[in-house]
Amino acid sequence: MDDRTVGRAAFLGLVGVGVAGLFYGRDATKVVGGVVPSPLKEIVPTSGWRIYSIGRELPRLDPSSYRLTIAGSVERPVTYTLADLRALPQVTQVSDFHCVTGWSVYDVTWKGVRFRQLLAEAGVRPQAKALRFVSAEVPYDDTLSLPQAYAADALLALEMDGKPLSVPHGFPARVVMPRMYGYKNVKWVSRIEVQPHLDTVGYWEQRGYDEDAWVGASN
Ligand SMILES: Nc1nc2c(c(=O)[nH]1)N[C@H]1C(S)=C(S)[C@@H](COP(=O)(O)O)O[C@H]1N2
Ligand SMILES: [Mo]
């Protein structure tokens, strides 16, 4: 553990980690910035984001050993390095982000890979119905039906607002599905399972959130 990790762990212990995860609101920014050692400032967002995690420490994935595996109902399971993902055709979009607990962030610029593009090499089998996104932060996961994943504004994001995703926002890769609540937007994605059924229930859905995660339609 380097100093930074120790500092973060201590800080996370200090603020406490509950069901709702970590909270760094805009109002908290000044206070936090003033009382914690400077390495921690990097994890304090300035724009209304709240950082959620189910663990005590944020997963720090090493960009050189990171792998994203696509398996399940595919012709050929594929494993991508981060360089491979960056070499796939990238798209940029601006979209809003809504957490079911009531906060939103507007006009977020995301850059990444559309799921259709991401799955092309693996070859989705005809019977495939859904994608299950497995986070390196075990046991966090969630699912999108194939039509949802193929929506025009859904992607696997590698960048946010012009920079690689920060660690708190899911470096190196997270799901972005803007018209569904935040819990569908799995961070630190390490594996995508292509499933021949639609019945897998995600981490928060097992804990009471609606499986119909369309913003405005549920919860
Ligand atoms: N791995 C992982 N992904 C996650 C979560 C989490 O706790 N762990 N929380 C989800 C929820 S409920 C929301 S609202 C968003 C918040 O995104 P942010 O932490 O980048 O602000 O992440 C989603 N993805
Ligand atoms: Mo959320």
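The values are calculated or read from the model by the stated rules, or taken from the named source; none is laboratory data. Being a predicted model, the structure only gives us computed values, none of them experimental. In this analysis, Cβ positions are derived from the backbone assuming ideal geometry, glycine residues included, and neighbour counts consider all displayed protein chains.
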Exercise. So how many residues does the stretch 100-114 have that are assigned to a strand (DSSP E or B) and either in contact (Cβ under 8 Å) with a residue 40 or more places away in the chain or not assigned by TED's automatic domain parsing to the domain that holds residue 181 (or both)?
Worked result: 8
Problem set entry | Positions within the stretch 149-161 being touching a residue at least 12 places away in the same chain (Cβ under 8 Å) and either among the hydrophobic types (A, V, I, L, M, F, W, C) or more than 16 Å from ligand 1 (Cβ to nearest atom) (or both), in sequence order | 149, 150, 151, 153, 154, 155, 156, 157, 158, 160
Seminar exercise, completed: Of (1) within 16 Å of ligand 1 (Cβ to nearest atom); (2) farther than 15 Å from residue 169 by Cα; (3) not charged (D, E, K, R), residue 80 fails just (1)
Seminar exercise, completed: Exactly one of 186, 175, 138 is part of a loop (DSSP other than H, G, I, E, B), surrounded by 23 or more Cβ atoms within 10 Å (Cβ to Cβ), of a type outside the set (Gly, Ala, Ser) and near ligand 1 (Cβ under 10 Å from one of its atoms), and that residue is 186
Seminar exercise, completed: All-but-one check, residue 165 against (1) assigned by TED's automatic domain parsing to the domain that holds residue 113; (2) aliphatic (A, V, I, L, M); (3) touching a residue at least 40 places away in the same chain (Cβ under 8 Å), failing number (3)
